1. Considering the alpha-carbon set of the chain alone, what are its Rg and its Dmax in angstrom?
2. Could you give the length gained on full extension between residue 85 and residue 73, defined as 0.36 nm per residue of separation minus the Cα-Cα distance, in nm?
3. Using θ = phi - 60° and the Karplus form 6.51 cos²θ - 1.76 cosθ + 1.60, what ³J(HN,Hα) does each residue of region 57-71 get, whole Hz, x for Gly and Pro?
4. Just want to confirm a number: the relative contact order over the chain, from Cα pairs under 8 angstrom separated by 6+ residues, in percent.
5. Sort 76, 87 by accessible area with a 1.4 Å probe, largest first.
6. With +1 on each Lys and Arg Cβ and -1 on each Asp and Glu Cβ, and nothing else charged, work out how big the dipole of region 73-124 is about its Cα centre, in Debye to the nearest 20.
7. Using a 1.4 angstrom probe on the protein heavy atoms only, line up 45, 99 by accessible area, largest first.
8. Under the rule of at least 5 residues apart or a separate chain, name every residue whose amide H is placed under 5 Å from the amide H of residue 117.
Amino acid sequence: QVQLVESGGGLVQAGGSLRLSCAASGRTFESLTMGWFRQAPGKEREFVAAISRRDNSTDYADTVKGRFTISRDNAKNTVSLQLNSLKHEETDVYYCAARDYYNIYHESNLYRYWGQGTQVTVSS
């Protein structure tokens, strides 16, 4: 079983930056494709970014391209998400997710493992 633990959330002003991290355990990290999703109260969970296990290829939601960067450190079993130029409407709980296959998908139901989430609050 894979355990995922997020950290790095907090309060930031609009236009500011945060760096989220997710520590994985319970499985060889290189075998996992990692993703980040976010969810606001009353809304569906939304894909943000993912990085493949196979070749470290990445994919981003159109709304965050050029502002967010996902990366992974296989030696430390961590995946990170750098959030720049944050907007007030990006106030959400951000979740780390993992799947066993190399393909990247935007659908949350295709990710088997989930963290508990970390709150990001962007003040206007």
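1. 13.3, 40
2. On the way: separation 12, 0.36 × 12 = 4.32 nm, distance 2.36 nm.
Taking 0.36 nm per residue and subtracting the Cα distance, the gain is 2.0 nm.
3. Running phi through 6.51 cos²θ - 1.76 cosθ + 1.60 with θ = phi - 60° gives 5, 10, 8, 9, 5, 4, 5, 10, 4, x, 10, 10, 9, 9, 8 Hz.
4. Numbers: 310 pairs, mean separation 44.9, N = 124.
36 percent.
5. Working: 76 145, 87 85 Å².
Most to least solvent-accessible, the answer reads 76, 87.
6. Details: 4 positive and 6 negative charges, 30 e Å.
Result for region 73-124 is approximately 140 debye, rounded to the nearest 20.
7. Working: 45 80, 99 20 Å².
Final ranking, largest accessible area leading: 45, 99.
8. 6, 96
The values are calculated or read from the model by the stated rules, or taken from the named source; none is laboratory data. All of these numbers come straight from a predicted model, not from anything done at the bench. Here the Cβ is made from the backbone with ideal geometry for all residues, glycine too, and neighbour counts use every protein chain on show. Each accessible area value is taken on the protein alone, full model and side chains, heavy atoms only, with ligands, DNA and RNA left out. Shrake-Rupley method; radii C 1.70, N 1.55, O 1.52, S 1.80 Å.
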